[in-house]
Amino acid sequence: MDFDIPSELRELQARVRTFIAEEILPMESDRRQTAHGPTEELRRELVARAKSAGLLSPHVSAAFGGLGLNHFGKAIVFEEAGYSPLGSLALNVFAPDEGNMHLLEAVAKPEHKERWLRPLASGEIRSCFCMTEPAPGAGSDPSMLTTAAVRHGDGYRINGRKWFITGASGAAFAIIMAKLEDGRATMFLSDMSAPGITIERQMNSLDSCFSGGHGVVRFDDLQVPAADVLGELGEGFKYAQVRLSPARLTHCMRWLGAVRRAHDVATDYARRREAFGRRLGEHEGVGFMLVDNEIDMHVARLAIWHCAWVLDQGRLGLHESSRVKVFASEAVWRVADRCVQILGGQGVMSESIVARIFADVRSFRIYDGPSEVHRWSLAKRILKGDERREPR
């Protein structure tokens, strides 16, 4: 088993690391950052820098302007991008656009790819994925989907309400999950400017790293042509799995990079700060926290790499992606929490990058499925013997 990174990928890793350090970290104090994420003006400036560096949309195929990285390649590059809260936005690998690009490449018709994927991959526009609904609609249980699509004329009329829709404000188009009259889930594509789409409000949340924040979106007799069904009718849940396994994993990659940043800041502080006659890190209570950080990050990275390898074999990786999502989301939270503790008063100051990362990563234990739901799903597979027990 070879854990070495191929030379060409190591070179790309170094390029991204240098780009983040020299071009993006200095912009972290830019005032064009709000409680609902960086402004569109700032996003475009970041994207322009990545494009100039030849690093834009590395996950997208060369046919649409990307570098065509496989999942393992993403693991290397996305971790580097995640080192700054603005890094993923600059490289155009942030959620939900990264997952939407993957889904469109895998499922969309050629005309849809030209209309929506190409400008999305070039960073000209943003998108959103409209799935989660307020009670009694779909949340952790997608089968509770209430948004309805009824056949009307040469298309479908959609009615429903979604919330926690990341990036809705300012998005150019949406992928909408709705159920047909026979109950089958289907995905639809629509410009967000279409009559019948209303963004009711932006929701206040702990995190502030997602461009466009999180919105409440309402559909009132939204007319979508039959030609703008994404993929095939009734395949919505199937396509959701095509999107979600890689999307869960890329979240892990980005957040690992974020807490590696927090760990670096805390380590530097522990080396310099003195208390009770010695450097802070020489006190076992602090030194051991740094060790535990390294253990959590190392194991999370190995789990990410393994799941990436599984996906690169052409498997769906449902079991592996759930497993790594649970571990990584809880591990990065532990790392961020320890870093705040090590920094003491500086760790809880709102201007601290560690405090910012701390607030951002907490939601990861909920996004793309709460840990409890993934554990429940994993347990069902284990009891049925569906998981593979041999090392691979």
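If the viscosity is 1.002 mPa s and the temperature 20 °C, what translational diffusion coefficient in µm²/s does Stokes-Einstein give for the stretch 192-236 when Rh comes from Kirkwood over Cα pairs? Once the numbers are plugged in, D ends up at 165 µm²/s. For the residues 103, 378, 244, a GNM of the chain with alpha-carbon springs under 10 Å puts the largest fluctuation on 378.
Calculate, for the stretch 1-110, the solvent-accessible area per residue in square angstrom, rolling a 1.4 angstrom probe over the heavy atoms of the protein chains. Each residue of the stretch 1-110 exposes 42 Å² on average to a 1.4 Å probe. Please report the carbon-and-sulfur percent of the accessible area for the chain; probe 1.4 Å, protein heavy atoms only, DNA, RNA and ligands left out. Here it works out to 53 percent.
Within the straight-line cut-off of under 26 Å between alpha carbons, the lysines reachable from residue 384 are 238, 325, sequence neighbours fewer than 8 places apart in one chain being disregarded.
The spacing between the stretch 154-179 and the stretch 353-371, judged by their C-alpha centroids, is 24 Å. Taking amide H as placed 1.01 Å from N in the peptide plane, the amide H of residue 230 sits under 5 Å from that of 187, 188, 189, each at least 5 places away or on another chain. Residue by residue, the stretch 335-340 carries 3J(HN,Hα) couplings of 5, 4, 5, 5, 5, 4 Hz when phi is fed to the Karplus relation 6.51 cos²θ - 1.76 cosθ + 1.60 (θ = phi - 60°); x denotes Gly or Pro. Computed from backbone phi, the HN-Hα couplings of the stretch 349-365 come to 6, 4, 7, 6, 5, 5, 4, 5, 5, 4, 5, 5, 6, 4, 5, 4, 6 Hz, rounded to whole numbers (Karplus: 6.51 cos²θ - 1.76 cosθ + 1.60, θ = phi - 60°; Gly and Pro given as x). For the chain, the share of alpha carbon pairs falling in successive 10 Å distance bins from zero is 5, 23, 33, 26, 11, 3, 1, 0 percent. Bridging of residue 113 to aspartates and glutamates at a Cα separation below 20 Å is possible for 97, 98, 105, 124, 191, 228, 232, 235, once same-chain residues fewer than 8 apart are set aside. GNM on the chain, alpha-carbon springs under 10 angstrom: the most fluctuating residue among 281, 183, 345 is 345.
Take the Cβ atoms of residue 298 and residue 271, set R0 to 22 Å, and the FRET efficiency comes out at 0.65. Counting only protein heavy atoms and a 1.4 Å probe, the stretch 279-354 has 45 square angstrom of accessible area per residue. Considering only 75, 50, 135, the mean-square fluctuation computed in a Gaussian network model of the chain, springs between alpha carbons under 10 angstrom, is largest for 135.
The residues of the stretch 146-256 have, on average, 37 Å² of accessible surface per residue, using a 1.4 Å probe with all protein chains present.
The values are calculated or read from the model by the stated rules, or taken from the named source; none is laboratory data. All values derive from a computational prediction rather than experimental measurement. Neighbour counts run over all protein chains shown; Cβ positions are idealised from the backbone, glycine included. For accessibility, only protein heavy atoms count, side chains too; no ligands or nucleic acids. Shrake-Rupley method; radii C 1.70, N 1.55, O 1.52, S 1.80 Å.
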